[in-house]
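*Asks:* What follows is a single structure, and I will ask about it in a moment.
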Amino acid sequence: MEEPSVKIGLRTIKTGLSVFICILISIVFHRETYVVAALTAVFTLREDMINTLKFGKHRVVGNTFGAMFSIVAIFLFKLFGDGKEVQLFIMPLLIIFMISLLSHFGYQEGTVGACATLLTILFMIPETESYHYAFARVIDSFIGMFVAIGVNQLLPNRKMLKDLEKQLKN
């Protein structure tokens, strides 16, 4: 009977290290939460630097759009009221418009984060904290993205290890 083998690769280690650093930064700087920074690091860190930069940029742009659209939604709720009927029509329209803009600017991969940010700010954060949370979420996205990019840049990847192995053989 063959025992299952669990492999821990470089990307897995980098991801864990990125989450550790995001949590540490949040603790040291007394951030309210480290969830967004850690999630951004997890979503951002990819197999190579090109994809890491791409996904990091999409994540930050998506979260920024979600935060900005939450501010628009808050304004519209103050203008028209925030009853269920108003939410029923405004929220889908804002999401459609936001996704269309993200797609137009080439940030399709940021749509899930944008929608999650928008919906979280509006429906899970107390109204008095919405603006603060929107700003904090964008800052935390930058923290997570920069941590993932830094870790991916500083630690070796599979290609670097293969090149080193070839050099050692020669």
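*Asks:* Please check: in the Gaussian network model of the chain (C-alpha springs, under 10 Å), which one of 19, 28, 72 has the largest mean-square fluctuation.
*Replies:* 28
*Asks:* In whole Hz, with x marking every Gly and Pro, tabulate ³J(HN,Hα) for region 83-99 from phi via Karplus 6.51 cos²θ - 1.76 cosθ + 1.60, θ = phi - 60°.
*Replies:* x, 4, 5, 5, 4, 4, 9, 5, 4, x, 5, 5, 5, 4, 5, 5, 4
*Asks:* With only alpha-carbon pairs counted, each pair once and no self-pairs, how large is the Kirkwood hydrodynamic radius of region 26-111 in angstroms?
*Replies:* Working: mean 1/r = 0.0681 Å⁻¹.
Evaluated over region 26-111, this radius sits at 14.7 Å.
*Asks:* Something else now. Compute the distance in nm between two label points, each set 7 Å from the Cα along the Cα-to-Cβ direction, one at residue 153 and one at residue 8.
*Replies:* Roughly 2.6 nm, to one decimal.
*Asks:* While we're on this one: At a 10 angstrom cut-off on C-beta neighbours, averaged per residue, how do the peptides 21-27, 55-61 rank from highest to lowest? Mind showing how you got there, number by number?
*Replies:* Details: 21-27: 17.6, 55-61: 21.9.
So the peptides 21-27, 55-61, ranked by packing, come out 55-61, 21-27.
*Asks:* With the full set of protein chains in place, find how many percent of the accessible area of the chain is carbon and sulfur; take the probe as 1.4 Å. Intermediate values should be presented prior to the final figure.
*Replies:* Details: 7470 of 10910 Å².
Using a 1.4 Å probe with all protein chains present, the chain comes out at 68 percent carbon and sulfur.
*Asks:* For the chain, the longest stretch holding no GluC sites (Glu not before Pro) located in a DSSP loop with at most 13 other Cβ atoms within 10 Å is which?
*Replies:* On the way: sites that count: 2, 32.
Value returned for the longest uninterrupted segment is 33-170.
*Asks:* Along Cα→Cβ, 7 Å out, is where each label goes; now give me the distance between the ones at residue 97 and residue 72 in nm to one decimal.
*Replies:* Taking the two extended label points, one gets 0.4 nm.
*Asks:* With θ set to phi - 60°, apply the Karplus curve 6.51 cos²θ - 1.76 cosθ + 1.60 along region 17-28 and write out the HN-Hα couplings as whole Hz, x wherever there is a Gly or Pro.
*Replies:* Couplings: 5, 4, 5, 4, 5, 4, 5, 4, 4, 4, 5, 4 Hz.
*Asks:* What does the accessible area per residue of the chain come to in Å², with a 1.4 Å probe and no ligands, DNA or RNA counted? Spell out each step's value before the answer.
*Replies:* Working: 10910 Å² over 170 residues.
Per-residue value: 64 Å².
The values are calculated or read from the model by the stated rules, or taken from the named source; none is laboratory data. Everything numeric in this text was worked out from a predicted model, so none of it was measured. Quick reminder, even Gly has a Cβ in these numbers, built from the backbone with ideal geometry, and neighbours come from all protein chains shown. Areas reflect the complete protein model, heavy atoms only, side chains present, ligands, DNA and RNA absent. Shrake-Rupley method; radii C 1.70, N 1.55, O 1.52, S 1.80 Å.
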